[in-house]
1. Would you mind putting 331-339, 257-265 in packing order, based on average other-beta-carbon counts within 10 Å, highest first?
2. Can you tell me the length gained on complete extension of the stretch Glu369 to Leu28, counting 0.36 nm per residue apart and subtracting the Cα distance?
3. Which of rounded, prolate or oblate describes the range 213-260 when judged by the alpha-carbon gyration tensor and an a/c cut-off of 1.5?
4. Report the local net charge at Asp131: Lys and Arg +1, Asp and Glu -1, summed over other residues whose C-beta lies under 13 Å from its C-beta.
5. Semi-axes of the equivalent ellipsoid of the range 229-301: what are they in whole Å, largest first, if each equals the square root of 5 times a C-alpha gyration tensor eigenvalue?
6. For Leu411 and Ser250 in the same chain, what is the full-extension length gain: residue separation times 0.36 nm, less their Cα-Cα distance, in nm?
7. Using alpha carbon centroids, what distance separates the range 89-164 and the range 258-275, in Å?
8. If R0 is 35 Å, what FRET efficiency do you get for Ala167 and Ala35 from their C-beta distance, rounded to 0.05?
Amino acid sequence: MAAVRWLGRWSRRVLILLLLALLLCLLLAVQTTSALQPRAPTSAADLDAARSLLRRADPRQAPVGRSRVVAATERELDLMFSYLARHGGLAASELKLEPEQMRLRASHRLLGLPLWLNLELRLVQGAGLPDIAGGQLGRLPLPRPLLRWLGNRLLDRYSASAGFRLAGDLVQRVEFQHQRAVLVYTWQADSTRRALGSLLPAAEQQRARVYWEALQQQLPPPGGLDQRPTVEVLQPLAVLALSRSTDEASTALEARALLVALALHASGRGPATLFPTADDWPAASPSWLSFARRQDFGQHFLISAALASEAGGPLSDAIGLQKELADARDGSGFSFNDIAADRAGSRFGQWSRSDPRGWLQTLAQGVTEPQLFPPVGDLPEFLHEADFRRRYGGPGAPAYKQMMEDIEHRLQVLLPVTPG
């Protein structure tokens, strides 16, 4: 009996010590303020920097099997990290490059409370991909084995394990310098196929195929109408998605797959350009999905919707603006009605992300075009750069802001209706 009482006392003491240790870890990890300030929305200048980096790193510029060297500035990499952080739901982020190491910082607010998790990671250069050297959460040091385990879990959660393995196979060396990084990699014969296949897990590709096939069955065959109002295909696809949904998580996946299928058709490039295993998917109908009887509005709306469902609205809005600025320089001209279509699509995609079941239920009941797409017939379009600058001064100028406020006012009455 004495031994049992002794064991009981020690068990209680160990439990108390464990609880105290846990409490101490929480006190060290959780802070009352964010270590970082929120970043401004993605701008056209930011996208120019990202596009510049992606062009330089494009593996198609080098022969297969030959090493390439790509340099990136701290600003370019910080922009990429900011995008990934926002995609992961983090409030703010920062990337700093120093000799032989890179520091990553991010802040996350806990459940809307005045409590914050401030994370800092330190990565060091070496052969292949950078390695985690250490980190801390608030004032709590994090051991390297724990950080590696958490990294693997995050890769699995965001379906990025295949992409990470591909990067590990391709990258020979990464060098960190002051405000600059250098990447050395070799593109192999099967790398393109592996890269495209890693964008979505195989199960999600098959889920998107269900909606692709259902969509093609609704659209006219060759020789039929050359365009179909987008709202006419939404209801049956939403009904199908609800019938396949079993819980909250699956509903979100079905909503996402539905938008991916619509965006693939709107792009006009076919599913095989994104998914290498889609060679046996049904051929695309030549009929375009439209808004206001225009194919380009359908493209703007649906591609922006798919982008927003993946990453939130700011990125897709900035991509739309960047396209219009490029058109003003050397394309069809800047069009405010295209911007309105992009913004309407962003709202639509954000809605699917924030409330997938409510989004699908509303579509399944039937919607009209004026509920999803604003009136745009009176908005200026085909403005070449000189005319655009003369009349509106460019993004940030008063006349430009006034036009954007007009567009936002038109969007407020669309589904879901903005409160107030």
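1. Working: 331-339: 21.0, 257-265: 25.9.
Result, highest mean first: 257-265, 331-339.
2. Working: separation 341, 0.36 × 341 = 122.76 nm, distance 5.28 nm.
Length gained between Glu369 and Leu28: 117.5 nm.
3. Details: a/c = 3.00, a/b = 2.86, b/c = 1.05.
Taking the square roots of the gyration eigenvalues as a ≥ b ≥ c, the range 213-260 is prolate.
4. Details: positive: Arg122, Arg144, Arg148, Arg173; negative: Glu100.
Overall, the nearby charge balance is +3.
5. Details: eigenvalues 94, 61, 20 Å².
So the three semi-axes of the range 229-301 are 22, 17, 10 Å.
6. Values: separation 161, 0.36 × 161 = 57.96 nm, distance 2.91 nm.
Roughly 55.0 nm would be gained on extension.
7. 33
8. Working: r = 28 Å, r/R0 = 0.81.
Result of the calculation: an efficiency of 0.80.
The values are calculated or read from the model by the stated rules, or taken from the named source; none is laboratory data. Values in this document were obtained by computation on a predicted structure and should not be read as measured data. Using ideal geometry, Cβ is built from the backbone for each residue, glycine included, and neighbour counts are taken over all protein chains shown. Ligands, DNA and RNA are stripped out before the accessible areas are found, and what is left, the full protein with its side chains, is counted by its heavy atoms. Shrake-Rupley method; radii C 1.70, N 1.55, O 1.52, S 1.80 Å.
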